[in-house]
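Encoded as structure tokens, the structure appears first; notes follow it.
Where a number appears in this text, it was derived from the coordinates with a stated rule and is not lab data. The structure displayed is predicted, hence computed values, not measured ones. Don't worry about glycine lacking a Cβ; one is built from the backbone with ideal geometry, like all the others, and counts go over all protein chains shown.
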Amino acid sequence: MATNYDFHQHLWPEQLLSLLSRRRELPRLKGTQLELPEGTFELDLDEHRLERRLELNDRHGIDVAVVSLQPTLGWEMEPELAEAFDEGIGEVIAASGGRIEAFACGEYRPGFLGACVSSYRLMGDLEELTGALQSQGQPLFVHPGLPAPVPVAAPSWWTAVVDYTTQMQAAYAAWLAGGASRYPELPVVFALLAGGAPFQLERLAARGGDAELAAIANIYFEPSSYGPHALKLCLDSLGAERLVFGSDAPVLDPGETLKALRELGEKVTHQVCSENPTRLLGKR
């Protein structure tokens, strides 16, 4: 029977929640409020209980969720956050009966599916990490990092729609410019369609870039937040074999992106949710 994957979920183990509650510096938790440099956000902490997450996944037919700690929290600059996540999520994985896998925070770790880095770090020196992941046949997951300052009176959607997508486009272009040819066997998964970067390939070719590399490189895209129009453009640019399903749960409900995929047909949905992730992970 086919296994359906979700490559982009966030699940905070108890060790991380406890640390965030004890911290005096940002980021920190005060009760159910997450305080970040960019603002304060109300959380439903029950969404990070394993039982609640498995119920959510069951409702949407997700067999395996691949979770990570979002670099937007700034853990690349606060190592104790990464350590708390990696330590705690290992216990969650063990208790999940194979339903939860995880990307480690910024490094290769045995027992994890691969590693997660921010868009910023992908544009820096990743020699040691990429070499280790490639040798182990594990993927690299690229997620937006710390947000940039927003304009005065910017709407609440500004960071998610403008900043995060800009970060991801830059990371994708940087990987095409260097990493893809240096590490051809390393699967790299870009969150949120790399900010719509596949739509820029014609402009890349017009300005002297190697757009053909994008079609053959070991690169995948997850489509959280996007609808059928954007997905269709991505399919036309690179083909369905380059998409793997991701939802950004619990920030977003998986049902919205699944609905968009299903508008493109059952065959595409099966390929994106099951066939492509299975191939990417080297499973049979």
Please report, in Å, the Rg and the Dmax of region 5-280, where both are computed over Cα atoms only.
17.9, 52
Tail weight of P(r) past 16 Å, computed on alpha-carbon pairs of region 35-88, percent
58
If amide hydrogens are placed 1.01 Å from N in the peptide plane, which non-local residues have theirs closer than 5 Å to the one on Leu243?
Phe221
Taking the inverse of the average 1/r across all pairs of different Cα atoms in region 129-284, what Kirkwood radius in Å do you get?
16.2
Pull up all non-local amide H partners of His8: gap of 5 or more, or a different chain, and H-to-H distance under 5 Å with H placed in the peptide plane.
Val66, Ser247, Asp248
Of the DSSP H helices in the chain, those whose Cα atoms cover at least 20 Å axially and whose Kyte score averages 0.0 or more
79-95
Helix-only CD estimate at 222 nm, as mean residue ellipticity for the chain, using -39500 (n - 2.57) per DSSP H run (n ≥ 4)
-10000 deg cm²/dmol
Arranged by the count of other C-beta atoms within 10 angstrom, fewest first, what order do Ile89, Ile219 take?
Ile219, Ile89
For region 5-280, give the share of DSSP beta bridges that are antiparallel, in percent and rounded to the nearest 5; count only bridges with both residues there.
25
P(r) for region 1-82, please, calculated from all Cα pair distances in 5 Å bins and given in %.
3, 13, 23, 23, 16, 11, 7, 3, 1, 0
For region 168-228, just say rounded, prolate or oblate: build the C-alpha gyration tensor, square-root its eigenvalues into a ≥ b ≥ c, call rounded for a/c under 1.5, and beyond that prolate if a/b exceeds b/c, oblate if not.
oblate
With unit charges on the beta carbons (Lys and Arg positive, Asp and Glu negative) and the dipole taken about the Cα centre of the chain, which residue among Leu20, Tyr164, Pro198 sits farthest to the positive side?
Pro198
Applying the gyration tensor rule to the Cα atoms of region 1-151 (axes a ≥ b ≥ c; rounded if a/c under 1.5, else prolate if a/b exceeds b/c, else oblate), the class is oblate
How big is region 1-48 by the Kirkwood estimate over distinct Cα pairs, in Å?
12.3
For a test of the definition: using alpha carbon positions, the gyration tensor, and the 1.5 limit on a/c, classify region 185-277 as rounded, prolate or oblate.
prolate
Cα centroid separation - region 21-100 against region 108-139, whole Å
20
Would you mind calculating the gained length between Val161 and Leu252 on full extension (0.36 nm times residue separation, minus the Cα-Cα distance), in nm to one decimal?
31.4 nm
Cα-projected label distance for Arg28 with Arg59, points at 7 Å along beta-carbon direction, nm
3.3
Can you tell which of Gln136, Thr32, Ser247 lies farthest toward the positive end of the dipole of region 5-280, using +1 and -1 charges on the Cβ of basic and acidic side chains (Lys, Arg; Asp, Glu)?
Ser247
17 Å tail of the calculated P(r), region 98-142, as % of Cα pairs
25
Restricting to Cα pairs below 8 Å that are 6+ residues apart, what does the relative contact order work out to for region 5-280? Please round to a whole percent.
17
